[in-house]
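K.L.:
The structure under discussion is supplied below as structure tokens; questions concerning it will follow.
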Amino acid sequence: MTHTEELKQGLAELDMGLSDAQVAQLEAYLALLAKWNHTYNLTAVREEARMVSHHLLDSLTLVPHLAGFKRLLDVGSGGGMPGIPAAIACPQLQVVLLDSNHKKTTFLRQAAIELGLANVEVVTSRVEAYQPAQKFDCITSRAFSELSEFVRLTPHLLAEDGQWLAMKGVYPYEEIAQLPASVRMADVLPLSVPGLEAERHLVRVVAQ
């Protein structure tokens, strides 16, 4: 099965009706990620074939949970997951990709330019030092830190009534138990990633 076939089959399983142009953008992103990964070490997944399920489809499981949000912050974005796939799938969403690693943000800026993503902004900064002009109604991360650390470092970035959406692997019982008293877990949603035989969960956290 080609990358395109795997991607289109996965999108169908996720019931995600993306246009041909959006699918082409996802494929172009995958090619960029694979090309730059040799030099910049953006992801531990080396094989381009595995990146379809491990990165593209895994990131896209977040998209149905972004309805109604206007501004998304992807903390510790790394190679751009889940922020870039989310920005491609939701062109109306303003997405900021935040990472302190200059090499990674150099890649992210180049990717945003080459993919024509006008709704993406890239910021090189430590999360605790980042002071945007406007706060975010949704803050996400995929491989940034444990839940308590993620929440502890970002409250100054969350708009009133905003939500944290943390993408996790197995059900994070211990991490949830260590959440600070200033927040509460709203729910934990199991995610099914086409082509990936692994547990995935989305943890939704709100301020108390």
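K.L.:
Ignoring ligands, DNA and RNA, please state the percent of accessible area on the chain from carbon and sulfur, probe 1.4 Å.
P.N.:
About 49 percent, which is the carbon plus sulfur part of the accessible surface.
K.L.:
Could you tell me which of 115, 125, 138 has its Cα farthest along the dipole of region 99-144 towards the positive end, charges placed at Cβ (Lys, Arg +1; Asp, Glu -1), taken about the Cα centre?
P.N.:
Most positive-ward Cα: 125.
K.L.:
How big is D, in µm² s⁻¹, for region 143-208 by Stokes-Einstein at 10 °C and 1.306 mPa s if Rh is the Kirkwood radius over C-alpha pairs?
P.N.:
On the way: Rh = 12.4 Å.
My calculation gives 128 µm²/s for D.
K.L.:
So, with +1 on the Cβ of K and R and -1 on the Cβ of D and E, and no other charges, what is the size of the charge dipole of the chain about its Cα centre, to the nearest 20 debye?
P.N.:
540
K.L.:
Choose one of 208, 192, 155: the residue whose Cα lies farthest towards the positive end of the charge dipole of region 135-208 (beta-carbon charges +1 Lys, Arg; -1 Asp, Glu; about the Cα centre).
P.N.:
155
K.L.:
Note the per residue figure in Å³ for the convex hull of the C-alpha positions in region 50-137.
P.N.:
Here the figure is 94 Å³ per residue.
K.L.:
Longer than 26 Å from Cα to Cα, which of 8/168; 104/135; 35/70; 8/35; 135/168 are they? Say none if no pair is.
P.N.:
Violating the 26 Å limit, Cα to Cα: 35/70.
K.L.:
For residue 16 and residue 189 in one chain, what is 0.36 nm times their gap in residues minus the Cα-Cα distance, to one decimal in nm?
P.N.:
This chain segment gains 60.5 nm when fully extended.
K.L.:
Taking the square root of 5 times each eigenvalue of the Cα gyration tensor, what semi-axes in Å does the equivalent ellipsoid of the chain have, largest first?
P.N.:
Over the Cα atoms of the chain, the semi-axes work out to 26, 19, 16 Å.
K.L.:
Follow-up. Please list, by residue number, everything in region 176-201 whose backbone N is under 20 Å from a paramagnetic label point 7 Å out along Cα→Cβ of residue 9.
P.N.:
192-199
K.L.:
Whole number in Å², please: accessible area per residue of region 1-58, 1.4 Å probe, ligands, DNA and RNA not counted.
P.N.:
Value returned for region 1-58: 52 Å² of accessible area per residue.
K.L.:
Name the residue farthest towards the positive end of the dipole of the chain from the options 170, 19, 31, assuming +1 on Cβ of Lys and Arg, -1 on Cβ of Asp and Glu, about the Cα centre.
P.N.:
Looking along the dipole axis, the top candidate is 31.
K.L.:
Another question about this same structure. Working out 0.36 nm times the residue gap between residue 49 and residue 207, then minus their Cα-Cα distance, what length gain in nm do you get to one decimal?
P.N.:
Going from the current span to full extension adds 53.0 nm.
K.L.:
Using alpha carbons only, what's the Rg to Rh ratio of region 1-119 with Rh from Kirkwood? Kindly include the intermediate steps, with their values, before the conclusion.
P.N.:
Working: Rg = 13.2 Å, Rh = 14.2 Å.
My calculation puts Rg/Rh at 0.93.
K.L.:
Short version: ³J(HN,Hα) in whole Hz for each residue of region 162-172, in order, from phi by Karplus 6.51 cos²θ - 1.76 cosθ + 1.60 (θ = phi - 60°), x for Gly and Pro, what are they?
P.N.:
After applying 6.51 cos²θ - 1.76 cosθ + 1.60, I find x, 9, 9, 10, 9, 8, 10, x, 5, 4, x Hz.
K.L.:
Normalising by the residue count of the chain, find the relative contact order in percent from Cα pairs under 8 Å and 6+ residues apart.
P.N.:
Across the chain, relative contact order equals 18 percent.
The values are calculated or read from the model by the stated rules, or taken from the named source; none is laboratory data. Just so it is clear, the structure is predicted and the values come from calculations on it, not from any experiment. Backbone-built Cβ (ideal geometry, glycine too); neighbour counts: all protein chains shown. Just the protein is used for accessible areas: all its heavy atoms, side chains included, with ligands, DNA and RNA removed. Shrake-Rupley method; radii C 1.70, N 1.55, O 1.52, S 1.80 Å.
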